[in-house]
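Please read the structure below before turning to the comments.
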Amino acid sequence: MATPKIRSELRFLLNGEDVALRDIRPDETLLDYLRLRRSLRGTKEGCAEGDCGACTVLLGKLAAGKLVYESVNACIRFLGSLDGCHVVTVEHLRGEGGNLHPVQQAMVDFHASQCGFCTPGFVMSLYGLWMRSPDPSDAAIEKALQGNLCRCTGYEAIVRAARAISSYGRSAKDPLALERKHVTARLAALRDGMRVDIASGGKRLIVPASLDDFAALLEKEPSAVVVAGSTDVGLWVTKQMRDISPAVFIGGLDELRAISEEKGVITIGAGVTYSEAFPMLAKRIPALGRLVDRIGGEQVRNMGTIGGNIANGSPIGDTPPPLIALGATLTLRKGSKRRTMSLEAFFIAYGKQDRRPGEFVEAVHVPMPAKNAHFAVHKVSKRRDEDITATLGAFHLALAKDGTVGAIRIAYGGMAATPKRALAVEAALLGKPWTEATVEAALGAYDSDFTPLTDMRATAQYRSLAAKNLLRRFFAETSGIKSPLTVTRPEAA
Ligand SMILES: Cc1cc2nc3c(=O)[nH]c(=O)nc-3n(C[C@H](O)[C@H](O)[C@H](O)COP(=O)(O)OP(=O)(O)OC[C@H]3O[C@@H](n4cnc5c(N)ncnc54)[C@H](O)[C@@H]3O)c2cc1C
Ligand code: FES
Ligand code: FES
């Protein structure tokens with residue numbers, strides 16, 4: 001393909017202003033830019049790892065020509081990912097006649113702020129929610145605030161404020177809503193089809209012009225670091241001080257952001273975020289939708305991609321086990337060449353995936369479970385929300401007409417060095433009657449499949465027991481048993 005035109009300037013909107021930057025490094029975060037270069041200190045730094053939400057800002061981007069605003073964590077969002085976006089910080093909130101904004105006034109009146117450190121982050125998350133859903137349900141409020149931590153208020157006051165925002169003003173009259181047309185036009189104008197290539201301080205960042213451009217770039221520079229949502233790569237920088245130059249930012253590539261269904265297979269582009277995937281998954285594979293809702297907080301789901309979750313090869317990534325249980329395949333691309341492989345085969349060993357130099361993950365293809373099949377995924381973590389998995393089990397079962405196990409795929413996370421199928425357990429179940437006795441007899445096979453580790457999330461003993469209990473739970477669910485079967489507690493060490 002012909003090389004696209006190149007510009008050495010990153011362009012985006014910040015509140016009401018056009019920004020053009022030439023002197024930026026690939027590892028410069030939006031949070032540092034706001035606080036250190038622009039003195040916009042309303043956006044706070046708490047954890048610098050996407051957990052606390054103190055750094056929450058809204059990010060406006062064009063999706064299929066429509067302007068959407070999402071909450072994101074500025075601490076792990078790199079400037080390089082912002083080309084053609086609108087960044088909205090708490091300083092941009094304006095009430096009528098210089099008064100507080102409705103979200104802020106509700107927070108004050110309901111005593112939803114004490115030390116105040118978390119408050120701008122909560123305000124921005126609630127602002128994003130109120131803009132798209134002026135009278136949200138309690139469940140929607142809880143979901144929008146999963147990624148905001150407060151040490152002082154106990155949350156009740158914040159939730160009460162969230163319920164009341166609409167009585168302080170109408171979202172349709174909000175300045176950001178009134179600016180919509182104007183901002184949409186400005187963002188569209190920023191999309192000039194050029195590649196961004198910036199070298200500064202001996203480091204380099206690239207924003208490809210298109211998917212083909214990305215493929216060509218990576219083939220030529222296979223050591224470049226691919227950055228999608230940066231919810232993993234962000235921490236390489238903020239926690240491990242790793243050098244990510246040269247970095248290629250792919251989060252804005254529309255061609256990677258498509259999700260579609262054809263002939264019973266859902267194809268998810270590698271750049272589809274959890275939030276973008278949620279509506280389709282919740283409708284078509286509800287168990288997967290529920291799992292997606294438990295990944296990170298809303299800000300992380302607005303940034304993180306399923307492609308990144310697969311490509312990073314983590315043994316505790318939440319999506320690979322259920323996708324393996326469903327028999328998903330992966331399209332990998334290098335230059336103009338593509339190959340498709342089973343997702344299961346992609347994970348070779350700890351930190352090692354079947355991804356060749358210059359190759360990238362283009363899409364994952366997920367077969368829908370058959371109508372009469374049972375599919376479930378259960379995540380065990382210390383907290384329900386915004387926590388990393390200790391162990392996660394995914395189960396996909398088709399019963400034969402005579403009630404025996406006709407087909408079964410079981411895969412776990414957190415039990416081995418990679419996401420892994422429980423092949424010995426599957427073999428112990430296959431062809432047998434789907435009964436409690438069969439399940440109990442198959443539990444012994446777990447020790448051939450897995451030798452889990454002890455770490456800060458769980459002991460090996462806990463993981464083994466939890467994994468077995470998840471199979472028991474799956475049996476109970478598929479047999480119409482409401483309460484779990486015998487749940488054995490781990491013995492004291
Ligand atoms: C606060 C917090 C909570 C989290 N909670 C969870 C959780 O509950 N469950 C969970 O599973 N994960 C969780 N994560 C981890 C993270 O969100 C996921 O792994 C996410 O899916 C990574 O996607 P990303 O787009 O952000 O990837 P990035 O950070 O952009 O990239 C991750 C890795 O994949 C590579 N990569 C990305 N896209 C491609 C591609 N298309 N082709 C080739 N390589 C690529 C990158 O080079 C990098 O090695 C959490 C992270 C944070 C910060
Ligand atoms: S500073 Fe805690 S999420 Fe960003
Ligand atoms: S008010 Fe103190 S952390 Fe939330």
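Here is the link list: LYS61/LYS203; LYS352/LYS420; LYS239/LYS379; LYS379/LYS468; LYS66/LYS379. Which ones come out longer than 23 Å on Cα distance? Write out the running numbers ahead of the final one.
Working: LYS61/LYS203 26 Å; LYS352/LYS420 14 Å; LYS239/LYS379 26 Å; LYS379/LYS468 13 Å; LYS66/LYS379 34 Å.
In this structure, LYS61/LYS203; LYS239/LYS379; LYS66/LYS379 lie more than 23 Å apart at Cα.
Within the full protein context, the accessible area of ARG333 is estimated at about 10 Å² for a probe radius of 1.4 Å. Label-to-label distance, ASN372 versus GLU255, with points set 7 angstrom from Cα along the beta-carbon direction: 4.3 nm.
For the chain, the solvent-accessible area of protein heavy atoms averages 43 Å² per residue (probe radius 1.4 Å; ligands and nucleic acids excluded).
The accessible surface of the range 220-293, taken with every protein chain in place and a 1.4 Å probe, is 54 percent carbon and sulfur.
Place a point 7 Å from the Cα of ARG339 along the Cα-to-Cβ direction; which residues of the range 355-370 have their backbone N under 18 Å from it? Counting backbone N atoms under 18 Å from the label point, the list is 355-365.
In terms of its alpha-carbon gyration tensor, the range 131-282 comes out prolate; a/c meets the 1.5 threshold, and the first ratio a/b outweighs b/c.
Reported to the nearest whole Å, the Cα centre-to-centre distance from the range 82-131 to the range 165-223 is 23. Separation of the range 1-36 from the range 224-272 is 18 Å, based on Cα centroids. In the context of the full protein assembly, PHE78 retains an accessible surface of approximately 0 Å², using a probe radius of 1.4 Å and ignoring ligands and nucleic acids. Label point of THR184 set 7 angstrom out along Cα-Cβ; within the range 57-87, amide nitrogens under 13 Å from it belong to 61-69.
Taking the Cα centre of the range 89-154 as the origin and placing charges on Cβ (Lys, Arg +1; Asp, Glu -1), which of GLN105, THR89, MET131 is farthest toward the positive end of the dipole? Of the listed residues, the answer is THR89. Look at the dipole of the chain built from charges on Cβ: of THR43, GLY65, ALA411, the Cα furthest out on the positive end belongs to GLY65. Using heavy atoms of the protein chains and a probe of 1.4 Å, the accessible area assigned to HIS374 is about 60 Å². The modelled label-to-label distance for the pair LYS220/ALA476, using points 7 Å beyond Cα in the direction of Cβ, is 5.8 nm. The overall shape of the range 337-493 is oblate: from the C-alpha gyration tensor, with semi-axes ordered a ≥ b ≥ c, the ratio a/c is 1.5 or greater and a/b is no larger than b/c. How much mean residue ellipticity at 222 nm does the chain get from its helices, if each DSSP H run of length 4 or more adds -39500 (n - 2.57) and you divide by all residues, to the nearest 500 deg cm²/dmol? My calculation for the chain gives -8000 deg cm²/dmol from helical runs alone.
The values are calculated or read from the model by the stated rules, or taken from the named source; none is laboratory data. Just so we're clear, the structure is a prediction, and the values are computed from it rather than from any experiment. Neighbour counts are summed over all protein chains in view; Cβ atoms, including those assigned to glycine, are modelled from backbone coordinates with ideal geometry. Ligands, DNA and RNA are excluded from the accessible area calculation, which covers all protein heavy atoms including side chains. Shrake-Rupley method; radii C 1.70, N 1.55, O 1.52, S 1.80 Å.
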